[in-house]
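Down below is the structure, laid out as structure tokens.
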Amino acid sequence: MKSSYQTRWKVLPPVPVEYQDAANTSPIITQLLYNRGVEPHEIAPFLAADSQLQANPFLLPDITQAVSRIYKALLSREKIGIYGDLDVDGVTATAVLVETLSRLGGNVTTYIPNRFSEGHGLKLAGIQKLQNEDVGLIVTVDCGISDISEAKQAQQMGLDLIITDHHVPLATLPQTLAVVDAKRKDSEYPFSELAGVGVAFKLAQALLHNDAREKYLTELLDLVALGTVADMVPLTDENRYLVKEGLKVLNNTQRTGLQEMFKFAGLRPGEIDAEHISFALGPRLNAAGRIDTASTSFRLLTTHSPEEARTLAEELEESNAERKRLANDALSKAKDNLSGRLHLPLLMESDESYPVGVIGLVAGKLVDEFRKPVFVVNVGPELCRGSGRSIPEFDLTNALEKCQDLLVAFGGHKLAAGFAIEPEKLTLLQQRLLELAESQLAHLDLSPELTIDADVALSAFTGDTFRLIQQLQPFGQGNPYPTFLSHKVEVIDHRTFGDHGKWLSLKLKQEDTIWRAVDFESQKGEGGIAPFMDIVFNIGRTRWNGEELLELRLLDFTPSP
């Protein structure tokens, strides 16, 4: 079943003359900068994406208390427990603090919860396990900000707790020794969109401030890039610097586990960008926590043994294949079950057969196709676990907070969140969420939309233009890959390729300019091809017979009028 919606093309307005005059860059680059909200005085630092984008870690709330307590533990050889989360952001954040504290001589252990028996967040079972290992101080990464009762239990057990997180706090903060989160209302930190691994890295910076080992921080940036891109936080401001520098480290990484993963993913060191993290490395690292335990990914990131690295990379490859199979099966069933409800402003699909590890992926695929908020729920005998994905017009965490009297637990971001609920309350939750969606979305056109940076001729991309566009990297959330529209492009050749011939390869011409193009996205097939077409596309690199070439990557097309 395919969405019946027609994709709308939204071409962004042209650059005002005064902006063009102030920018002093080429017309296409100026348009891209303007579209991304970069003010003229911000253009130089945006393009440089260097260390001037970094903020002082001591501006984060409670960071001084956190550093003081951690150093107390280091000096007394007190055992420190790092309580991580089970996605790429949480696993990389765990590795950042474990490696930093170990470098400082710390006595460190870790705990990463199990998705199936515990779920996301700070849980009593994990707290008790760390206490049984004689841990006196627990530091969370990428979790804990909404776990009020668990934080209180840790305090009652005589444990000191430091929370580092990047999720939106509730109205009440956990009562702990320190809560380090740039999204706190009282935060003075100038950038609130750090990933969990970004917050962990800032804590590492604070711990190593004015220390001779401060230079070691650079070696952690491959982890920061992995977690930041995989968690889909905006690649703007400080995240832009962290990912840009992190990609440099990632392309020369000394981590044996990542080197083995590159081989399985078919990636060449020196050519890895943010897109490869999103579509190749991130899914593999996430697969462990979706199928079994995220500890496999943590071990791969931190091992020094080539033999163990090879074994772990192979395990992740197998887990990723199983993850794909489970997600595809669940997606097919969910789409069938939702076929009579697609008119609703919010979709919730629940069944006991949906694997907990892939419900978020399925929800994301459904949002991409139907462009409305979606929750997919695994129904259990005592507890239902739901994972949601959304559109910018509907804030999931805000919606769940308004329903928290029904929920056992919840948390997440504006566009991605999850909850746990007792089965008998699930129907009422669905009704409430539907009412919220109806009130917020009823007046909006939610049909799929392609945002287009500029309407240009294909000849605009000859010469140095592609290289100039690459100055805007890394691309991702908040800094999307540039998208263009060209009119009346002649199709001089086309063929299908790939599994079941579902992809298209085309040869396109406009006046004297000829381009090779591929279509992995539109799913229109050869039946939608006309002699002359209007096309929406990105530009990317490909390899052919060992040579690197540029190609158009079609996102959508329609016959020219």
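The values are calculated or read from the model by the stated rules, or taken from the named source; none is laboratory data. What you see is a predicted model, and the numbers here were worked out from it, not measured in a lab. Here Cβ is always computed from backbone atoms with ideal geometry, including for glycine, and neighbour counts include all displayed protein chains.
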- Task: Only one of these is aromatic (Phe, Trp, Tyr), under 23 Å from Lys414 (Cα atoms) and part of a helix (DSSP H, G or I): Phe279, Phe264. Name it.
- Result: Phe279
- Message: Need the failing condition index for Asn35 against (1) within 30 Å of Ala294 (Cβ to Cβ); (2) in contact with an Asp or Glu (Cβ under 7 Å, 6 or more places away or on another chain), just the number.
- Response: (1)
- Set Asn239, Asn252: member being over 24 Å from Glu317 (Cα atoms) and either modelled with pLDDT of 95 or more or of a type in the set (Gly, Ala, Ser) (or both): Asn239
- Task: State whether one or more residues within the range 195-212 are acidic (Asp, Glu) and at pLDDT 95 or above.
- Result: no
- Note on the structure: The condition from (1) in contact (Cβ under 8 Å) with a residue 24 or more places away in the chain; (2) closer than 24 Å to Glu449 by Cα that Arg341 misses is numbered (1)
- Message: Can you say whether Glu271 is out of contact with any Asp or Glu (no Cβ under 7 Å at 6 or more places or on another chain) and outside any helix (DSSP H, G or I), as far as the supplied structure shows?
- Response: yes
- Can you tell me which residue in the range 525-547 is modelled with the lowest pLDDT, limited to those that are within 28 Å of the chain's Cα centre (by Cα) and not β-branched (Val, Ile, Thr)? Arg543
- Message: Taking the criterion of being among the charged types (D, E, K, R) and over 30 Å from Glu238 (Cα atoms), would at least one residue in the range 468-490 satisfy it?
- Response: yes
- Query: Does Ser278 meet the test of being surrounded by fewer than 18 Cβ atoms within 10 Å (Cβ to Cβ) and in contact with a helix residue (DSSP H, G or I) (Cβ under 9 Å, 6 or more places away or on another chain)?
  - Reply: yes
- Filter the range 538-561 for residues that are in a strand (DSSP E or B) and within 14 Å of Lys488 (Cβ to Cβ) and give the result. Phe557, Thr558, Pro559
- Item | Hey, Gly418 of a type in the set (Gly, Ala, Ser) and either over 30 Å from Thr228 (Cα atoms) or not assigned by TED's automatic domain parsing to the domain that holds Val362 (or both) or not | no
- Message: If a residue must be among the charged types (D, E, K, R), touching a helix residue (DSSP H, G or I) at 6+ places or on another chain (Cβ under 8 Å) and surrounded by fewer than 21 Cβ atoms within 10 Å (Cβ to Cβ), how many such residues does the range 164-213 contain?
- Response: 3
- Note on the structure: All conditions in (1) outside any helix (DSSP H, G or I); (2) more than 28 Å from Val197 (Cβ to Cβ); (3) in contact (Cβ under 8 Å) with a residue 60 or more places away in the chain are true of Glu349 except (3)
- Task: Collect the residues in the range 410-420 that are in contact with a strand residue (DSSP E or B) (Cβ under 7 Å, 6 or more places away or on another chain) and surrounded by fewer than 21 Cβ atoms within 10 Å (Cβ to Cβ), keeping them in residue-number order.
- Result: Leu415, Ala416, Ala420
- Search the range 147-171 for residues that are without any contact (Cβ under 8 Å) to a residue 60 or more places away in the chain and pair each with any residue that is among the hydroxyl-bearing types (Ser, Thr, Tyr) and not in a strand (DSSP E or B) when their beta-carbon atoms are under 8 Å apart and the residues are at least 6 apart or on different chains. Ile148/Thr172; Ala151/Thr176; Ala154/Thr176; Gln155/Thr176; Leu161/Thr176; Ile163/Thr176; Pro169/Ser146
- When the range 28-69 is checked residue by residue, the ones that are part of a helix (DSSP H, G or I) and β-branched (Val, Ile, Thr) are Ile28, Ile29, Thr30, Ile43, Ile63, Thr64, Val67
- Task: Select from the range 441-459 the residues that are assigned to a helix (DSSP H, G or I), more than 25 Å from the chain's Cα centre (by Cα) and either crowded, with 16+ Cβ neighbours inside 10 Å or of a type outside the set (Gly, Ala, Ser) (or both) and list them in ascending order.
- Result: Leu458
- Query: Just a yes or no: is a residue in the range 274-294 closer than 22 Å to Leu221 by Cα and of a type in the set (Asp, Glu)?
  - Reply: yes
- Note down all Cβ pairs under 6 Å where the first residue falls in the range 367-378 and is farther than 18 Å from His413 by Cβ, the second is in a helix (DSSP H, G or I), and they're at least six residues apart or on different chains. Asn378/Val356; Asn378/Ile359
- Collect the residues in the range 248-267 that are without any contact (Cβ under 8 Å) to a residue 24 or more places away in the chain and not aliphatic (A, V, I, L, M), keeping them in residue-number order. Asn251, Asn252, Phe262, Gly266
- Cβ-Cβ under 6 Å pairs, at least 6 apart or on other chains, the range 91-118 side of a type in the set (D, E, K, R), far side crowded, with 23+ Cβ neighbours inside 10 Å: Arg115/Leu86; Arg115/Gly289; Arg115/Gly357
- Note on the structure: Gly463 meets each of (1) farther than 28 Å from Glu193 by Cα; (2) crowded, with 17+ Cβ neighbours inside 10 Å; (3) among the small types (Gly, Ala, Ser) with one exception, condition (2)
- Could you please let me know if Gly81 is surrounded by fewer than 16 Cβ atoms within 10 Å (Cβ to Cβ) and not in a helix (DSSP H, G or I)? no
